[in-house]
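Engineer: Before I ask anything, here is the structure I am working with.
The values are calculated or read from the model by the stated rules, or taken from the named source; none is laboratory data. As the structure is a computational prediction, the values presented were derived from the model and not from experiment. Here the Cβ is made from the backbone with ideal geometry for all residues, glycine too, and neighbour counts use every protein chain on show.
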Amino acid sequence: MSYSLRINAAGDLDIASGVMKLVRGIDKLTQDLSCFLREPYGTDRFHVLYGSILDQYVGSIVNNLAEHEIRAEAIRVLSAYQQIQLAAMKANPSKFDLDELLDTVESVNVKVSYDAVYVSVRFRTASQKVGTVQGVVSV
């Protein structure tokens, strides 16, 4: 089982009584996917697939084509995350718990406004637990 440092609702590390909190399982997967969707593409030179171009759609024309492109970008991001997980799992299978492995993307819902892009993803883990992640990119 792997873990990450927990990020609170304000986007900061979650610290209680001087101790950083950890996140595991489906909560870790949800947090990871949220970070992948919200982080601008190309910001991590060590993980070239990290991030999305969702920020480029903020302020764009709101139509069906934009929604389709945003949905495709969300799916690309989730696929990139799966590729990273697969490579890490091949290197060290005992590191992962079934609750934190992205198995299936069940749906991707998109809402576009002039100042924000909203993406909601319903997914299933390898342990067959269902989760939802919200990605909001705004100016």
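Engineer: Being closer than 13 Å to GLY135 by Cβ and among the hydrophobic types (A, V, I, L, M, F, W, C) narrows it down to one residue among VAL23, VAL58, VAL19, VAL48; which is it?
Structural biologist: None of the others qualify; the one that does is VAL58.
Engineer: Still on this structure, please answer the following. Can you pull out every residue in the range 3-16 that is surrounded by 10 or more Cβ atoms within 10 Å (Cβ to Cβ) and assigned to a loop (DSSP other than H, G, I, E, B)?
Structural biologist: Answer for the range 3-16, where residues must be surrounded by 10 or more Cβ atoms within 10 Å (Cβ to Cβ) and assigned to a loop (DSSP other than H, G, I, E, B): TYR3, ARG6, ASN8, ASP14.
Engineer: Can I ask one more? List every residue pair whose Cβ atoms lie under 9 Å apart, where the two residues are 6 or more positions apart in sequence or sit on different chains, the first residue falls within the range 98-127 and is under 23 Å from ILE26 (Cβ atoms) and in contact (Cβ under 8 Å) with a residue 60 or more places away in the chain, and the second residue, located anywhere, is of a type in the set (Lys, Arg) and assigned to a strand (DSSP E or B).
Structural biologist: Close Cβ pairs satisfying both conditions: LEU102/ARG124; VAL119/LYS111.
Engineer: While we're looking at this one, here's another question. Looking at the range 22-55 only, could you name the residues that are among the hydrophobic types (A, V, I, L, M, F, W, C) and free of Cβ contacts under 8 Å to residues at least 24 places away in the same chain?
Structural biologist: If the condition is that a residue be among the hydrophobic types (A, V, I, L, M, F, W, C) and free of Cβ contacts under 8 Å to residues at least 24 places away in the same chain, then LEU22, VAL23, PHE46, VAL48, ILE53 are the ones that fit.
Engineer: Condition first: of a type in the set (Lys, Arg) and modelled with pLDDT of 90 or more. Now tell me which residues in the range 22-41 satisfy that.
Structural biologist: ARG24, LYS28, listed by residue number.
Engineer: Among the residues that make up the range 17-35, is at least one of them surrounded by 15 or more Cβ atoms within 10 Å (Cβ to Cβ), of a type in the set (Gly, Ala, Ser) and within 23 Å of LEU98 (Cβ to Cβ)?
Structural biologist: Within the range 17-35, one or more residues are surrounded by 15 or more Cβ atoms within 10 Å (Cβ to Cβ), of a type in the set (Gly, Ala, Ser) and within 23 Å of LEU98 (Cβ to Cβ).
Engineer: Select from the range 57-91 the residues that are polar (S, T, N, Q) and loosely packed, with under 12 Cβ neighbours inside 10 Å and write down the one among them that is nearest to the chain's Cα centre (by Cα).
Structural biologist: Taking the candidates together, the pick is GLN83.
Engineer: Considering the range 9-21 alone, what residues qualify as being out of contact with any Lys or Arg (no Cβ under 6 Å at 6 or more places or on another chain) and either among the polar types (S, T, N, Q) or in contact (Cβ under 8 Å) with a residue 12 or more places away in the chain (or both)?
Structural biologist: Matches in the range 9-21: SER17, MET20.
Engineer: Same structure again: With the requirement that a residue be out of contact with any helix residue (DSSP H, G or I) (no Cβ under 6 Å at 6 or more places or on another chain) and either surrounded by fewer than 19 Cβ atoms within 10 Å (Cβ to Cβ) or closer than 24 Å to SER113 by Cα (or both), what does the range 38-52 give you?
Structural biologist: Scanning the range 38-52 gives ARG38, GLU39, TYR41, GLY42, THR43, ASP44, ARG45, PHE46, HIS47, VAL48, GLY51.
Engineer: Would you check if THR125 is out of contact with any helix residue (DSSP H, G or I) (no Cβ under 7 Å at 6 or more places or on another chain) and either surrounded by 15 or more Cβ atoms within 10 Å (Cβ to Cβ) or among the hydroxyl-bearing types (Ser, Thr, Tyr) (or both)?
Structural biologist: no
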